[in-house]
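Working notes for the structure below.
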Amino acid sequence: MPTSHRIRVVDAFTDRPFAGNPAGVLLLDAFPEDSWLQNVATEVNHAETAFAHPLPAGGEADWALRWFTPATEVDLCGHATLATAHVLQTTGAATGPVRFATRSGVLTTTAHADGTVTMDFPTAPLTPVEIPDGVAEALGAEPLAVFDAGASLGDLLVELADEKTVRALAPDHKALIRHSERGIIATARAEDPSRGHDFVSRCFFPRVGIDEDPVTGSAHTALAPFWSQRLGRTELTGLQASARSGLVRTELRGDRTLLTGRAVTVIEGDLYA
């Protein structure tokens with residue numbers, strides 16, 4: 001009989017099923033071989049699957065955490081971290097703030113009484129760059145400006161003219177692959193901030209097997225400093241305007257960015273492998 005593992009699918013950055021960004025979550029006793037982790041993530045076939053196991057008491061972190069797309073392991077993932085924190089809190093596996101040891105250092109999550117979870121992530125450094133040849137054609141829209149979001153993300157942040165342009169994008173995903181290490185973050189100022197968001201974005205990561213990510217927490221570590229500088233506020237709300245859609249509340253604190261959202265478990269069962 002194969003070993004069974006409890007597995008959950010959690011929709012992150014939303015308070016209702018079938019919206020936000022789905023992530024697989026497995027709580028383990030230890031990490032098996034990398035090939036097993038990758039096979040599970042490929043089988044789950046969501047943007048990311050998170051694997052976590054508890055660490056001995058008294059260290060700098062409480063849990064070890066890794067993230068895999070269907071194609072590869074990644075250094076940082078916001079929505080799967082939110083999903084993992086949600087599972088730990090709703091199952092009673094952890095209470096209060098949780099410190100995760102990850103490829104991006106120790107990341108802390110804090111669950112609140114209203115059901116939201118806040119994640120403390122490193123702020124992505126933004127460096128303006130010349131608009132690369134072919135980016136406009138690959139996206140199908142002319143950039144206003146382009147920024148390198150640093151090695152930790154491996155993304156290009158591309159500012160577009162307006163919200164309508166971001167929503168209407170139909171990029172050539174194969175053409176996008178050659179323009180960044182991970183992907184493209186397309187963004188614009190909100191058309192009507194009274195609707196509850198200050199800026200919009202869409203994120204395309206074909207290089208790591210994700211043509212369009214529904215809601216990308218890690219991208220908001222670049223979007224937060226970008227829009228905080230332009231809008232003159234450290235606390236903002238971003239709408240990721242994918243088909244599933246989701247909201248990310250951001251708070252810029254210098255070299256750290258706080259990301260807050262909700263999550264809901266939609267599937268729970270046993271993985272036999």
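Readers should treat all values here as calculations from the given coordinates under stated rules, not as data from a laboratory. The shown structure was predicted, so the numbers you read here are calculated from the model rather than taken from an experiment. Virtual Cβ from ideal backbone geometry, glycine too; neighbours counted across all protein chains shown.
If Rh is defined by the Kirkwood formula over all Cα pairs and Rg also comes from Cα, what ratio Rg/Rh do you get for the stretch 1-116?
With Rg and the Kirkwood Rh in hand, the quotient comes to 0.94.
Rounding to the nearest 20 debye, state how big the charge dipole of the stretch 118-185 is about its Cα centre with +1 on each Lys and Arg Cβ and -1 on each Asp and Glu Cβ.
220
Tilt of helix 220-231 relative to the longest C-alpha principal axis of the chain, in degrees (0 to 90, nearest 10)?
40
Quickly work out the residue 168-to-residue 231 label distance, labels modelled 7 Å from Cα along the C-beta direction, and quote it in nm with one decimal.
2.3
Report the antiparallel proportion of the DSSP beta bridges in the stretch 50-120 as a percent, rounded to a multiple of 5.
Rounded to the nearest five, the antiparallel share is 90 percent.
Rounded if a/c is under 1.5, else prolate if a/b is larger than b/c, else oblate: which is the stretch 99-224, with a ≥ b ≥ c the root eigenvalues of its Cα gyration tensor?
Oblate is the answer for the stretch 99-224, as a/c is 1.5 or above yet b/c matches or exceeds a/b.
Of all DSSP beta bridges in the stretch 1-121, what percent run antiparallel (nearest 5)?
Given both bridge residues lie in the stretch 1-121, the antiparallel proportion sits at roughly 75 percent.
On a full-extension model of 0.36 nm per residue, what is the gain between residue 43 and residue 15, subtracting their alpha-carbon distance, rounded to one decimal in nm?
7.5 nm
Count the DSSP beta bridges whose two residues both fall in the chain, then state the antiparallel fraction as a percent rounded to the nearest 5.
80
With an 8 Å cut-off on Cα pairs and a minimum separation of 6 or more residues, tell me the relative contact order of the stretch 1-158 in percent.
Reported relative contact order: 15 percent.
I need the shape label for the stretch 12-61. Rule: rounded when a/c is under 1.5, else prolate if a/b > b/c, else oblate, with a, b, c from the alpha carbon gyration tensor.
Verdict is oblate for the stretch 12-61.
From Cα pairs below 8 angstrom and at least 6 apart in sequence, can you work out the relative contact order of the stretch 131-273, rounded to a whole percent?
16 percent.
Putting +1 on Lys and Arg Cβ atoms and -1 on Asp and Glu Cβ atoms, find which of 88, 254, 185 reaches farthest to the positive end of the dipole of the chain.
My answer, from the dipole projection, is 88.
Quick one: compute the contact order of the stretch 225-273, relative version, from alpha carbon pairs under 8 angstrom and 6+ residues apart, as a percent.
23
What is the Cα centroid distance between the stretch 196-273 and the stretch 45-64, reported in whole angstrom?
Rounded to whole Å, the Cα centres lie 21 Å apart.
What does the extension gain come out to for residue 55 and residue 95, with contour length at 0.36 nm per residue minus their alpha carbon separation?
Separation in residues times 0.36 nm, less the Cα-Cα distance, equals 12.9 nm.
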